[in-house]
Amino acid sequence: MELNDLYRDVILDHNRRPRNFGGLEPADASVEGFNPMCGDRLTVRLKLDDDKISDIRFEGQGCAISTASASMMTEAVKGRTRAEALRLFDRVHQLLTDDAAPPADELGKLAALSGVRAYPARVKCASLCWHTLASALRSTNPHVLPAVTTE
Amino acid sequence: MKNIALADRAAGFDVNALRRQFPVLARVVRGKPLAYLDNGASAQRPLAVIDAVDDYERHHHANIHRGVHTLSQEATALYESSRDRLVEFINARSRHEIIFVRGTTEAINLVAQSYARPILKPGDEILITHLEHHANIVPWQMVCEQTGATLSVAPIDLRGEVHEDAVVALMNPRTRLFSCAHVSNALGTILPIRRLIAAAKARGIATLIDGAQAVSHMHVDVQELGCDFYAFSGHKMYGPTGIGVLYGREQLLERMPPWQSGGEMILAVSFAKTTYNGLPNKFEAGTPNISGSIGLGAAVDFLQGLDRDAAERHETALLDHATAALSKIPELRIVGTAGDKASLVSFAVAGVHPHDLGTILDEDGIAIRTGHHCAMPVMEFFKLPATARASFAFYNTFEEIDRLAAGVERARKLFA
């Protein structure tokens, strides 16, 4: 059944107990993401060590897909460079929107989001945190980073 | 269930016969029979409306008001006869008082720009309430920005009710216009508009009622209400989208300048001077939504062919049944508990975000609305980002509501 594919155990778990949830002081970047269609709102804060994301936390309110996606994202990008994190965003975006997306083995837990693809109205829920992260990363260094493609 | 079915029959209201007139209600969604509980967003169309639009498109379409040929005359006659039916539907005084617009939103913008803007001066006030739809907030904010007037907002209480004294307390000599919903789209509250209109009138304040959520549920008589303007949309009363009505008192409409210009709204144009057409054409610039207005006329006929009192009783029974069924669910909070409510229930379930609930119910073929319902100040007031809203029409059944309650319970367990 598709619903079980959307709300997989790992997503339910991250919704119930979001990881890296709460404030982060001081932060090198803090960006609020807002989805005016549904009212979901979250803030991503991160610390950088040179080019590496040394810490990242989020807070806000959203649906299970949005909360779980943000929670898994923080786990996935912590310790990565900005460029690595943005590449991961591209891969997740592909996973959410492209039926012909290559196998998601290297995405680890994030692969659980593939069920969202069958629910086009919910893709934005899963990608809000990633757009917010990309914007936070760009805010720390607007010149050297390539623009994030969401196509 | 049996008792309810008997009660329905006793009331002479045959839901199943009525449902057969709405083809879409026979649809299967994700393998389940559709339970359409999103009527507050848009109601479905009966065959009478579908057929009227189809007949027009197949046999009568031409541009109106300007051709001497047969089709143009037929189209004009159909278009204008819809206006006549709307005069009767809300008991306007004449066809001069029925302006076809795209919908409630456009009607309110028309009043804001054509009635309010020319008369507002810095320091003047527009009064609304806290439970308005964005369409009854933003046009006033815009006109306030344009004129230096200010927007004043009457409070609601924790049940989602608007109290007459709280509104009256904000009426003062600078108040130029009072605008409020007849029925709240987010909460279902029926506002005490008779008393509010009377209070405004007694102080010389013009009144606009946003009737988008009301006309499908209850009989509206604009003369009895005494409001200056009343706005509503076709698609929420079983008619097409893209068509709606602004009722305005002729005396006021006469004095108002056109707000859009072009064809139809003029009598004579030269480069030196243009003479405006009379009512209602003055406000209908350009080729209008002809098929939409014909569909809306058919929707009026359909509604008037119903036993509307019985339909209203059925909707009230649906509301009572839904309120009781949902109240039994632990962790569920009904948002909007006014004593006088139209047949919709907004609710929030702890631990279950409305969007997840909407997706889970859709899997069961149940359509509800989730989100802020274009009423963010209301959500803010109740400290919720969003709610789930089930809104009922007279074609809904008790069984559909039981399915809704079962679906909500299932969602709650999934996220527990």
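Okay, here's what the table says:
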{"read-out": "Any helices (runs of 4 or more DSSP H) falling wholly within the range B:83-200 and containing at least 2 residues that are closer than 27 Å to B:LEU279 by Cα", "value": "B:104-110, B:138-147"}
{"read-out": "Some residue of the range B:288-304 being assigned to a loop (DSSP other than H, G, I, E, B) and under 22 Å from B:ILE64 (Cα atoms)", "value": "yes"}
{"read-out": "Subset of the range B:62-83 (residues that are surrounded by 15 or more Cβ atoms within 10 Å (Cβ to Cβ) and in contact with a helix residue (DSSP H, G or I) (Cβ under 7 Å, 6 or more places away or on another chain))", "value": "B:ALA62, B:ASN63, B:ILE64, B:HIS65, B:GLU74, B:ALA75, B:LEU78, B:TYR79, B:SER82, B:ARG83"}
{"read-out": "Of all residues making up the range A:1-53, the number that are more than 12 Å from chain B (Cβ to nearest Cβ), out of contact with any Phe, Trp or Tyr (no Cβ under 6 Å at 6 or more places or on another chain) and in a strand (DSSP E or B)", "value": "14"}
{"read-out": "Residues located in the range B:349-389, provided they are small (Gly, Ala, Ser), facing chain A (nearest Cβ under 9 Å), in contact (Cβ under 8 Å) with a residue 24 or more places away in the chain and over 17 Å from B:ILE401 (Cβ atoms)", "value": "B:GLY351, B:ALA386"}
{"read-out": "Selection count, the range B:383-399, where residues are among the hydrophobic types (A, V, I, L, M, F, W, C), more than 16 Å from the chain's Cα centre (by Cα) and either closer than 19 Å to B:MET237 by Cβ or buried (at least 23 other Cβ atoms within 10 Å of the Cβ) (or both)", "value": "2"}
{"read-out": "Within the range A:31-54, tally of residues that are buried (at least 17 other Cβ atoms within 10 Å of the Cβ) and of a type outside the set (Lys, Arg)", "value": "12"}
{"read-out": "Evaluation of A:PHE58 against (1) more than 23 Å from B:GLY371 (Cα to Cα); (2) crowded, with 19+ Cβ neighbours inside 10 Å; (3) of a type in the set (Phe, Trp, Tyr) (one fails), failing number", "value": "(1)"}
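Yes/no per residue for (1) outside the structural domain of B:HIS59 (by TED's automatic domain parsing); (2) surrounded by 17 or more Cβ atoms within 10 Å (Cβ to Cβ):
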{"residue": "B:GLY297", "(1), (2)": "no, yes"}
{"residue": "B:HIS321", "(1), (2)": "yes, yes"}
{"residue": "B:GLY339", "(1), (2)": "yes, no"}
{"residue": "B:SER346", "(1), (2)": "yes, yes"}
{"residue": "B:PRO354", "(1), (2)": "yes, yes"}
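The values are calculated or read from the model by the stated rules, or taken from the named source; none is laboratory data. Just so it is clear, the model here is predicted, and its values are computed rather than measured. Glycine gets a Cβ as well: all are built from the backbone with ideal geometry, and neighbour counts include every protein chain shown.
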